[in-house]
Amino acid sequence: MHRAAAAVIHERAFAKLNLALRVGRPRADGLHPLCSIFASIDLADEVYAEPAEADRVDCPGVEGPNLVEAALAAFRARVPELPPLHVQVEKRIPVAAGLGGGSADAAATLRAA
């Protein structure tokens, strides 16, 4: 997608591989401590954000609520003066492939915001 408007912010959301993962014994709260090593790879989604009338997230190929929407809502809760944004994600990282595409897209959205 080619964007010409100066108000559009473009961020790349790089996929990542989990090179090592250690899962510890459950803590008192039932959660497990984790230690992992990730490596970024060249495969990336493209995230575009621009001013809009209301917050809107378009992510073709991802049905229902996603991490981009959650990240934008959480950011807005902390920074209510943030202008409304239209965020569009061009997916290249396969959905549910274990490459961290959703979290990478969410992080790119936070950088754009």
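The values are calculated or read from the model by the stated rules, or taken from the named source; none is laboratory data. Small disclaimer: the values here were computed from a predicted structure and weren't measured. Here the Cβ positions follow ideal geometry from the backbone for every residue, glycine too, while neighbour counts run over all protein chains shown. When the accessible area is computed, the model is the full protein with side chains, heavy atoms only, and any ligands, DNA or RNA have been set aside. Shrake-Rupley method; radii C 1.70, N 1.55, O 1.52, S 1.80 Å.
List of remarks:
- Surface composition of the chain: carbon and sulfur atoms hold 59% of the protein heavy-atom accessible area at a 1.4 Å probe.
- C-alpha long axis of helix 67-78 to longest principal axis of the chain, angle in °: 80
- Longest exposed-site-free window of the chain, the sites being GluC sites (Glu not before Pro) in a DSSP loop that have at most 11 other C-beta atoms within 10 Å: 1-52
- Cα centroid separation, region 11-50 to region 77-113: 15 Å.
- Estimated FRET transfer efficiency (residue 90, residue 29; beta-carbon r; R0 30 Å; 0.05): 0.20
- Relative contact order for region 1-67: 36 percent, from Cα pairs under 8 Å spaced at least 6 residues apart, divided by residue count.
- Neighbour cut-off at most 10 other Cβ (10 Å), DSSP loop, trypsin sites (Lys or Arg not before Pro), region 1-96: 27
- Helix 101-112 axis versus longest C-alpha principal axis of the chain: approximately 50°, rounded to the nearest ten.
- Per-residue ellipticity at 222 nm from helix content only, as computed over the chain with -39500 (n - 2.57) for each DSSP H run of at least four residues, stands at -6500 deg cm²/dmol.
- Working from Cα pairs under 8 Å separated by at least six residues, relative contact order for the chain is 34 percent.
- Accessible area per residue in Å² at 1.4 Å probe, computed on the chain: 64
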